[in-house]
1. Does segment 294-312 contain any residue that is within 30 Å of Asn360 (Cα to Cα), among the β-branched types (Val, Ile, Thr), open to solvent by less than 40 Å² (accessible area, probe 1.4 Å) and assigned to a loop (DSSP other than H, G, I, E, B)?
2. Those residues that are within 23 Å of Arg312 (Cα to Cα) and touching a residue at least 60 places away in the same chain (Cβ under 8 Å), I need them from segment 363-408; list them, please.
3. Under 9 Å by Cβ, and 6 or more places apart or on different chains, what pairs join a residue from segment 28-53 that is in a loop (DSSP other than H, G, I, E, B) with one that is surrounded by 24 or more Cβ atoms within 10 Å (Cβ to Cβ) and acidic (Asp, Glu)?
4. Does Asp263 meet the test of being touching a residue at least 24 places away in the same chain (Cβ under 8 Å), over 30 Å from Ala353 (Cβ atoms) and surrounded by fewer than 16 Cβ atoms within 10 Å (Cβ to Cβ)?
5. So, Leu65, is that one touching an Asp or Glu at 6+ places or on another chain (Cβ under 9 Å) and either assigned to a strand (DSSP E or B) or open to solvent by 20 Å² or more (accessible area, probe 1.4 Å) (or both) or not?
6. What is the one condition in (1) in contact (Cβ under 8 Å) with a residue 24 or more places away in the chain; (2) assigned to a helix (DSSP H, G or I) that Asn111 does not satisfy?
7. Looking at Ala86, Ala81, which one is over 15 Å from Val44 (Cα atoms) and touching a residue at least 12 places away in the same chain (Cβ under 8 Å)?
8. How many of the residues making up segment 188-212 are part of a loop (DSSP other than H, G, I, E, B) and in contact with a strand residue (DSSP E or B) (Cβ under 8 Å, 6 or more places away or on another chain)?
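The values are calculated or read from the model by the stated rules, or taken from the named source; none is laboratory data. As the structure is a prediction and not an experimental result, all values here were calculated from the model. In this analysis, Cβ positions are derived from the backbone assuming ideal geometry, glycine residues included, and neighbour counts consider all displayed protein chains. Note: areas computed on protein heavy atoms with side chains; ligands, DNA, RNA excluded. Shrake-Rupley method; radii C 1.70, N 1.55, O 1.52, S 1.80 Å.
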Amino acid sequence: MPERRTVALVTLGCARNEVDSEELAGRLEADGWDLVEDAADADVAVVNTCGFVDAAKKDSVDALLEANDLKGHGRTQAVVAVGCMAERYGKDLAEALPEADGVLGFDDYTNISDRLQTILNGGIHAAHTPRDRRKLLPISPAERQESAAGVALPGHAPVDLPEGLAPASGPRAPLRRRLDGAPVASVKLASGCDRRCSFCAIPSFRGSFISRRPSDVLNETRWLAEQGVKEIMLVSENNTSYGKDLGDIRLLESLLPELSEVDGIERVRVSYLQPAEMRPGLIDVLTSTPKVMPYFDLSFQHSAPDVLRAMRRFGDTDRFLELLDTIRSKAPQAGVRSNFIVGFPGETEADLAELERFLNGARLDAIGVFGYSDEEGTEAATYDNKLDEDVVAERLARVSRLAEELVSQRAEERVGETVHVLVEGVDAEDSAEGAYGRGAHQAPETDGQVLLTSGAGLAIGRMVEAKVVGTEGVDLVAEPLQGTLACGEEAGR
């Protein structure tokens, strides 16, 4: 009997990439590959790269080189790059990084098993020439769904799969295989983006915005619940646009209550919201629907009007603060996070002061700050009024210090609150020593966590009610109250 083929998936970047990796894992497992966690135990190491900013691209290259170092010292015979960086640069990446035995774009995903087998056998699969994926779908959103069948859309595999291709767990199983046992999982709501922010290259390699069918999102959520998932996080490049290509821009407002009713799911969280597209009805659903978290991941990027216009974005400090006031009037404990770019071309000291005014008034739970750098193929890269690198670095350090102070202050405001914590870890040697998890206002990996003073009687995936008694920076320290909540009990309001 021939030895089984083994493959390891190494995922970098955002939650959308994690979903894509699990779809690739589903395809490979369905074609007979054994999935292993450690690249050193795999015949082929597949690195799902990130192509967003320079730091992420460097991490992706480092991961590829690290996997390449395994060759000749164990089982690993080939290293393959997939994901956004591979899609964005194609043959240029293959030429610049000969350590990668293959560079596969999104169009290769449906044939991922054959591609890996060819590479494992010593063959060569020519890397693609990059192209603007926005041109693969019609300009009109209303015409995209009919055209989507011939376009590779990672994470959009239909739930109703041919017999023999879907995993064996049941008729609702999507073409997806979970790569960890965490009680939270991301669900892709859509792909691509129609916005034209001058600093962002993502639409060019992720394509135009296209929604998944609500039935696919629901069925995948039901399947994840069967796998023990308690919290789902809806991800895309822009969740506030969901449904516009399906004829209903308010489709998210009707989908969220349906997702909240899926048996076994205790939390539904929405990420990646555009402030300019926030609708009163969406705010109402996010702040009043049981099991839908009052959580707002708002992409502000800046608050000075002139900088926002140069970014091809909308809004200003006062409008953004008004939006936050509206949210908190409906859900006082709502969680809000955002990212910001400092040192954008043409940014003045007055613009930076305006951003600092917003940050001081916004009371955000989590803040990400990035210094501007040119991204090839973007409009901003052509701007003339660039700031010196040392000026960008100084502003980045200045705003980062302010952000760290402000999120610590916001955490301290929550002392005395009751939080409902999804347990994600318990001390393996002594549960009485404590456990950790996340409250309703905290998304995985980005927003800090809740440190429970005792883990006695707790298990990963359980929900516990706790009182916040202290803070450690952005993290909360909380004392468990009365054990776990009953499944389906409203949490986080």
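1. The answer is no, given that none of the residues of segment 294-312 is within 30 Å of Asn360 (Cα to Cα), among the β-branched types (Val, Ile, Thr), open to solvent by less than 40 Å² (accessible area, probe 1.4 Å) and assigned to a loop (DSSP other than H, G, I, E, B).
2. Gly368, Phe370, Tyr372, Ser373, Glu375, Glu376, Gly377, Thr378, Glu379, Ala380, Tyr383, listed by residue number.
3. From segment 28-53, the pairs are Gly51/Glu87.
4. yes
5. Considered against the rule, which asks whether it is touching an Asp or Glu at 6+ places or on another chain (Cβ under 9 Å) and either assigned to a strand (DSSP E or B) or open to solvent by 20 Å² or more (accessible area, probe 1.4 Å) (or both), Leu65 comes out as yes.
6. Going through the list (1) in contact (Cβ under 8 Å) with a residue 24 or more places away in the chain; (2) assigned to a helix (DSSP H, G or I), Asn111 breaks only (1).
7. Criteria check complete, one pass: Ala86.
8. Looking only at that region, the number is 7.
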